[in-house]
Amino acid sequence: HQHADAGAFQIYCRGMLAASLAQYLFYGTPYDMNFCKRSIAQSMMLAVDPEEKFLWNEANDGGARFVLASPRTPEQARTDPVFNNGKVVACSFGPSPQRPLFSYYAANLVGAYSAKISDYQRQFCFLNLSAPGHPAAIIVLDDMTTANADFKKYWQINTLQPPTMTDAGVRLHSEAFGLTSALDVNMVLPPPAERAVEVLSGEKSTNVFGRQYTPPNPTAPEAHGHRIMFSPQQARKNDVFLTVLQVLDGAVEPLPCVTSAT
């Protein structure tokens, strides 16, 4: 659908935990072009160049390029930079192909963004824990370099239910069919002292850095969602975000997360 969502992820367990906040009802409206189809509605990295302009858009959400053209041939899709949303760096899963304990994927996504991004790689490893109360964990590593140190970076995750702030990050919640689940988001890097976090809820969740947009269906859950944005305190070209996400049953506490430098 040509949304600017390269590298975005969603997580479902008894309802949406990490969710898209986009609503599709009318094509080409200010909401559709500036929020629904844009990176701001997704759980993905943003980097704001104040001078960047997006095709047919009035808002600058700091996201990926906005491409509405279509390739005419398979060759054009493979070779034309306009349609380059990224390159696979590595992937693996196993050890069992029928029931893998891990799934790993890494992609260089610099092509999805404008020249404001010099380099960007997103890696994730899904771990099938199969433990009581702890079905899965996901490790996400984002390494982003901007062309200018003053371009503000944001690690964003979106959800439908009110989040709970924790010492290590944030906890997301969901409920379906009388069962509850949670997603514990532990941001290891940058550490708490070196980052800021902002939660934009309700009407603020569809505010794109000062420009307000109205969802077409105000009663839908996506119209009352929440955007959680982590950003480094210090301005620099390169930043690394290392995040451990644990899927939890109900009110179960997350497993301890221990890191070490090598």
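The values are calculated or read from the model by the stated rules, or taken from the named source; none is laboratory data. What you see is a predicted model; the values in this text were computed from it and never measured. Please note: Cβ atoms are built from the backbone with ideal geometry, for glycine as well, and neighbour counts cover all protein chains shown. Each accessible area value is taken on the protein alone, full model and side chains, heavy atoms only, with ligands, DNA and RNA left out. Shrake-Rupley method; radii C 1.70, N 1.55, O 1.52, S 1.80 Å.
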For a quick check of your reading of the model, give me the residue pairs whose first member lies in the range 22-34 and is without any contact (Cβ under 8 Å) to a residue 40 or more places away in the chain and under 16 Å from GLN212 (Cα atoms), whose second is assigned to a loop (DSSP other than H, G, I, E, B) and open to solvent by less than 40 Å² (accessible area, probe 1.4 Å), with beta-carbon atoms closer than 6 Å and at least 6 apart or on different chains.
MET33/ASN57
Looking only at the range 188-216, filter to residues that are hydrophobic (A, V, I, L, M, F, W, C) and out of contact with any Lys or Arg (no Cβ under 7 Å at 6 or more places or on another chain); which one of those is nearest to GLU51 (Cα to Cα)?
PHE209
Subset of the range 175-192 [within 25 Å of LYS152 (Cβ to Cβ) and free of Cβ contacts under 8 Å to residues at least 40 places away in the same chain]
PRO191, PRO192
Only one of ASP32, ASP49, ASP80 is within 30 Å of PRO218 (Cβ to Cβ), of a type outside the set (A, V, I, L, M, F, W, C) and out of contact with any Pro (no Cβ under 6 Å at 6 or more places or on another chain); which?
ASP32
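Within the range 199-218, identify whether any single residue is within 25 Å of PRO135 (Cα to Cα) and either under 14 Å from the mean Cα position of the chain (by Cα) or of a type in the set (Asp, Glu) (or both), and answer yes or no.
No, that holds for no residue.
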Among the residues of the range 226-253, how many are part of a loop (DSSP other than H, G, I, E, B) and farther than 30 Å from ALA131 by Cα?
5
The residue from SER92, SER96, SER70 that alone is farther than 28 Å from VAL170 by Cβ and at pLDDT 95 or above is SER92
Has the range 13-28 got any residue that is under 24 Å from THR145 (Cα atoms) and in contact with a helix residue (DSSP H, G or I) (Cβ under 6 Å, 6 or more places away or on another chain)?
no
Determine the pairs where a residue that is over 21 Å from GLU253 (Cα atoms), located within the range 142-171, has a partner that is small (Gly, Ala, Ser) and open to solvent by 40 Å² or more (accessible area, probe 1.4 Å) with Cβ atoms under 8 Å apart, the partner being 6 or more residues away or on another chain.
THR145/SER118; THR146/SER118; ALA147/ALA115; ALA147/SER118; ALA149/ALA235; ASP150/ALA235; LYS152/ALA235
Residues of the range 69-81 being closer than 23 Å to SER118 by Cα and either in contact (Cβ under 8 Å) with a residue 40 or more places away in the chain or among the basic types (Lys, Arg) (or both), which ones?
ARG78
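Could you check how many residues of the range 29-43 are among the aliphatic types (A, V, I, L, M) and surrounded by fewer than 23 Cβ atoms within 10 Å (Cβ to Cβ)?
Of the residues in the range 29-43, the ones among the aliphatic types (A, V, I, L, M) are 33, 40-41.
After this cut, where a residue has to be surrounded by fewer than 23 Cβ atoms within 10 Å (Cβ to Cβ) as well, the list is 33.
Residues in the range 29-43 being among the aliphatic types (A, V, I, L, M) and surrounded by fewer than 23 Cβ atoms within 10 Å (Cβ to Cβ): 1 in total.
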For strands (runs of 3 or more DSSP E) lying entirely in the range 73-172, having 3 or more residues that are open to solvent by less than 40 Å² (accessible area, probe 1.4 Å) and touching a strand residue (DSSP E or B) at 6+ places or on another chain (Cβ under 6 Å) picks out 102-108, 117-131, 134-146, 152-159
Look at LEU55 and say whether it is open to solvent by less than 10 Å² (accessible area, probe 1.4 Å) and either hydrophobic (A, V, I, L, M, F, W, C) or closer than 18 Å to TYR213 by Cα (or both).
no
Which pairs do you get when a residue that is in contact (Cβ under 8 Å) with a residue 12 or more places away in the chain and farther than 20 Å from HIS134 by Cβ, found in the range 92-104, comes within reach of a residue that is open to solvent by 100 Å² or more (accessible area, probe 1.4 Å) and part of a loop (DSSP other than H, G, I, E, B), reach meaning Cβ atoms under 6 angstrom, with the pair 6+ apart or on two chains?
none
Check LEU101, LEU127, LEU179, LEU189 and return the single one that is at pLDDT below 95, over 15 Å from the mean Cα position of the chain (by Cα) and farther than 20 Å from ALA4 by Cα.
LEU179
